[in-house]
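Accompanying notes for the structure given below.
The values are calculated or read from the model by the stated rules, or taken from the named source; none is laboratory data. As the structure is a computational prediction, the values presented were derived from the model and not from experiment. In this analysis, Cβ positions are derived from the backbone assuming ideal geometry, glycine residues included, and neighbour counts consider all displayed protein chains.
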Amino acid sequence: MFLRLLFESFRRQKRRKGVALLAIALGMSIATAMIAVGTDIGDKISQELRSLGANLVITPIEDTLDVNIGGVNLKPATEGAFIPESDLAKIKGIFWRHNIKSYAPFLSSEETFTSKNGTFKADLIGTYFAQQLKYGKEEFTAGVRTVNPWWKVDGVWPQDYTDWPSSNPPEILVGSKLTQQNGLAIGDQIVIGGKALLVSGILNTGGAEDTAIVAPLHIVQSILGLPNAVRRVTVSALTKPEDAFARKDPNKMAPAVRDRWYCSPYANSIAFQIREVLPNVRVEQIRQVEQNQGKVLSRVSGLMLLLTLAALLAAALAVSAAMAATILERRQEVGLMKSLGASNVAVAALFLTEAGFLALTGALAGFVAGTFLAHRIGNSIFGSAIVVHPVVLAVVIFVAMLVTALGSAGAVRKAMQFDPAVVLRGDA
């Protein structure tokens, strides 16, 4: 009899049940999409912010002068203080080595150059462009083309030379402002110390490099007579947004707590691990990037939470309205059930079972639609699909049951208060 009453309820009230089902499905689809995006957005935002450049800077520990680079108070190396280039590959040997997306070493000095238009002074910067390296069995690419993706080159990127070529002059980039000041163009040759360099491209970064000459690191090491020397290394690492735990001093932690800190991909813990493999260096965060990541993630998460709560509230109100109308139409049926001996528990069980069936169906439909919506959000905003974990389905079903129960509670309570005699007389 219970199942028959349940079946007849859905058969005779298709429109009202459809409205309630649609409201639940819409609410759950938004909840699914927001939960899925929320669980995956940390890595996505981190990857997006990595496109803004490095978030760690490595310098020799023998520093003296204060200087600000990218929002970080750094102390550039004193004369003769260098990092061995051959040690840099050890960065890929730390615990979070797979989070090291790339790094770029730098060696610079102000030099005098000669071109077809005369002599001029400019900074000569040596770096990797897209250097192929190997650490153990792992092969990877390091250089400014991955660490500083906003660098724009009009022309051709130079090759990364391991020694001075014997035939054609090595290729270099000249900053856009420097080319204007000295009448340089692609294809020109400039001379330093009796050695010719070929301009293969015009560099535009919006920074100090626009007034400098950027050449392959090994060419600059040869010009300056500093083999294996590097003065600064910028590192792009995939990190977890900084919180209070990330800023704690690991030397003051208990062993278990320190292990948890060490095994968390904070910028601080990655910097700590780099200092372990490169003991004579200072590793500083570019906190502007890290703080922006935390702020963006916090604001986006708050917005998603607000959207989810609004969708769930709308679903609860729609269910409440549909259930109230349903019970009002079926008040004589409720009165008849009570006059035949049905208890308030039996009446409540009937309507809550209907609501539960609607919640389960709406949750499944909403999960499918929400998964599709999450994929579209990921592809349109981040250029990659959002991963929807199976546990999200269990969460969505639970939330749908809870929202539907809360939305039905008032109407069910009203049904339990019906007086059979009054209802059957038509006075209520």
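Every residue in segment 139-194 that is closer than 18 Å to S102 by Cβ, out of contact with any Ser or Thr (no Cβ under 7 Å at 6 or more places or on another chain) and part of a helix (DSSP H, G or I), please. R145, the sole residue that qualifies.
Go through T64, T78, T39, T119 for me and flag whichever is modelled with pLDDT under 95, surrounded by fewer than 20 Cβ atoms within 10 Å (Cβ to Cβ) and under 19 Å from I223 (Cβ atoms). Show your work before the answer.
Values: T64 fails: under 19 Å from I223 (Cβ atoms); T78 fails: under 19 Å from I223 (Cβ atoms); T39 fails: under 19 Å from I223 (Cβ atoms).
Matching residue, one of T64, T78, T39, T119: T119.
Within segment 222-232, restricting attention to residues that are assigned to a helix (DSSP H, G or I) and not β-branched (V, I, T), which residue is surrounded by the fewest Cβ atoms within 10 Å (Cβ to Cβ)? Can you show your working first?
Initially, segment 222-232 is screened for residues assigned to a helix (DSSP H, G or I), giving 222-224.
If we keep only those that are not β-branched (V, I, T) as well, we get 222, 224.
On the way: S222: 19, L224: 16.
Filtering first and then ranking leaves L224.
The sole residue among I172, I202, I219 that is surrounded by 13 or more Cβ atoms within 10 Å (Cβ to Cβ), touching a residue at least 60 places away in the same chain (Cβ under 8 Å) and of a type in the set (V, I, T) is I219.
In summary, R247 fulfils each of the numbered conditions (1) surrounded by 17 or more Cβ atoms within 10 Å (Cβ to Cβ); (2) part of a loop (DSSP other than H, G, I, E, B); (3) among the basic types (K, R) with the single exception of condition (1).
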